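The values are calculated or read from the model by the stated rules, or taken from the named source; none is laboratory data. Given the structure is predicted, the values throughout are model-derived calculations rather than measurements. No Cβ is skipped: glycine too gets one built from the backbone with ideal geometry, and neighbour counts run over all protein chains shown.
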Amino acid sequence: MDKGIIKNLEINVGRAIEMIAYLKKEKSTLEKENESLRRRIGEFAGQLAEQKKALAARGKALRQARPDSGLQEVRDRLEKLVGKLAALEDSWT
């Protein structure tokens, strides 16, 4: 083969090796970011569960104080938050 072709192939193979190394590093970085985001989603889920309990307790207290207290509005808001969390979790899985 022509020396120019061989040299060109060597250059291209070298570039391909560099690109593979870069992509492996990028994959590792993205996996770390993904894991971090998953942890944050888990934290948000825990916070949401705590808020749900607090709202349930508050709703119970309001029901006992005033039976027509707007409990449905609280339930609707809570269901909306749960839906948003579920959509966020689905987008990362």
Within region 17-39, can one find any residue that is in contact with a Leu (Cβ under 7 Å, 6 or more places away or on another chain) and not in a loop (DSSP other than H, G, I, E, B)? no
Log entry, pairs with first residue in region 70-93 being within 15 Å of R58 (Cβ to Cβ) and at pLDDT 85 or above, second being in a helix (DSSP H, G or I) and not small (G, A, S), beta carbons closer than 7 Å, six or more apart or on different chains, reads L78/K52; L78/L55; L81/L48
